[in-house]
Amino acid sequence: MKGERRRQELIRILKRSTNPVSGNTLAEGFNVSRQIIVQDIALLRAADFKILSTNKGYILDQDNSVQRIFKIYHSDEEIRDELYTIVDAGGRVLDVFINHEIYGQLKAELLVYSRSDVDEFVTHLSQNQISPLKQLTNGFHYHTVEADTEKILDRIEADLKNKKYLIE
């Protein structure tokens, strides 16, 4: 597993864990040395992830993150660009949901944190000929986006508005 993908998985593990995860446990899980995990943690911290080191392991400090829901509209061909716009600005796309006239709110977890996650998601849609959830509402959908600061969410909102993806 390449470093970028390992770091993405590391964040997923830490996000889902309610307890600290030891460096040794992570190293064994990824089949790398503990030193590689220490280096990955340093790189993630440099990328503004708030990872705390405790005597029992690493834990992601998620208390400071902020979220905003964006109403979006775009074509299927623009899915990759829309998601790139969010992650490139420092956002994390937690989910996608629609408000369907008959079925009510339908929601799916995405957990898209990087361009690599975007590529994996778009490839999965394409290879498996899966229609995006937005198809049920003629392209209109919502994303819950998480970021470390309101300023980042403001930048994402401006970028989405500039690309005419944002519905106000």
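The values are calculated or read from the model by the stated rules, or taken from the named source; none is laboratory data. The model shown is predicted, which means the values in this text are computed figures rather than measured ones. For neighbour counting, all protein chains shown are included, and Cβ atoms are generated from backbone atoms with ideal geometry for every residue, glycine included. Just the protein is used for accessible areas: all its heavy atoms, side chains included, with ligands, DNA and RNA removed. Shrake-Rupley method; radii C 1.70, N 1.55, O 1.52, S 1.80 Å.
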For E109 and N24, FRET efficiency with R0 = 30 Å and r from the beta-carbon atoms, rounded to 0.05? 0.55
Whole-Hz ³J(HN,Hα) for each residue in the range 77-94, computed from phi via Karplus 6.51 cos²θ - 1.76 cosθ + 1.60 with θ = phi - 60°, x for glycine and proline: what do you get? 5, 9, 4, 4, 5, 4, 5, 4, 4, 6, 6, 5, 8, x, x, 10, 8, 7
Please list 3J(HN,Hα) in residue order for the range 121-138, calculated via the Karplus relation 6.51 cos²θ - 1.76 cosθ + 1.60 where θ = phi - 60°; whole Hz, with x for glycine and proline. 5, 5, 4, 4, 4, 5, 5, 9, 6, 9, 7, x, 4, 4, 4, 6, 10, 6
Structure-based [θ]222 nm, the chain - -39500 (n - 2.57) summed over DSSP H runs of at least 4, per residue, nearest 500: -13000 deg cm²/dmol
Does the range 54-131 come out rounded, prolate or oblate by the C-alpha gyration tensor, with a ≥ b ≥ c the root eigenvalues, rounded set by a/c under 1.5 and, if not, prolate when a/b is larger than b/c and oblate if not? prolate
Taking a ≥ b ≥ c as the square roots of the Cα gyration tensor eigenvalues, with a/c under 1.5 meaning rounded and otherwise prolate when a/b beats b/c or oblate if not, the range 91-131 comes out oblate
Could you pull out the trypsin sites (Lys or Arg not before Pro) across the range 130-168 that fall in loop regions by DSSP (anything but H, G, I, E, B) with no more than 10 other Cβ atoms inside 10 Å? K164
Carbon-plus-sulfur fraction of the accessible area of the range 42-95, 1.4 Å probe, in percent? 48 percent
Rounded to two decimals, the Debye log10 I(q)/I(0) of the range 9-54 (Cα scatterers, no solvent) at q = 0.15 Å⁻¹ is -0.33
Between E78 and H124, 0.36 nm times their residue separation minus their Cα-Cα distance comes to what? 15.0 nm
Taking the range 38-97 as the region of interest, what is the percent of Cα-Cα pairs per 10 angstrom bin, listed from the shortest bin to the one with the maximum distance? 16, 41, 26, 14, 2
Sorted by packing (mean other beta-carbon atoms within 10 Å per residue), highest first, where do 97-110, 74-87 land? 74-87, 97-110
Residues with amide H under 5 Å from that of I167, placed H, sequence gap 5 or more: K71, I72, Y73
Semi-axes in Å, largest first, for the chain (Cα gyration tensor, √(5λ)) are 31, 17, 14
Relative contact order of the chain: what whole-number percent is it, with Cα pairs under 8 angstrom and at least 6 residues apart? 25 percent
How much area per residue is accessible in the range 25-168 when the probe is 1.4 Å and only protein heavy atoms are counted (Å²)? 57 Å²
Classify the range 77-168 as rounded, prolate or oblate, taking a ≥ b ≥ c as the square roots of the eigenvalues of its Cα gyration tensor: rounded when a/c is under 1.5, otherwise prolate if a/b is larger than b/c and oblate if not. oblate
Links exceeding 27 Å between C-alpha atoms in this model, out of K2/K151; K2/K134; K15/K164; K50/K134; K50/K151; K2/K107, come to K2/K151; K2/K134; K15/K164; K50/K134; K2/K107
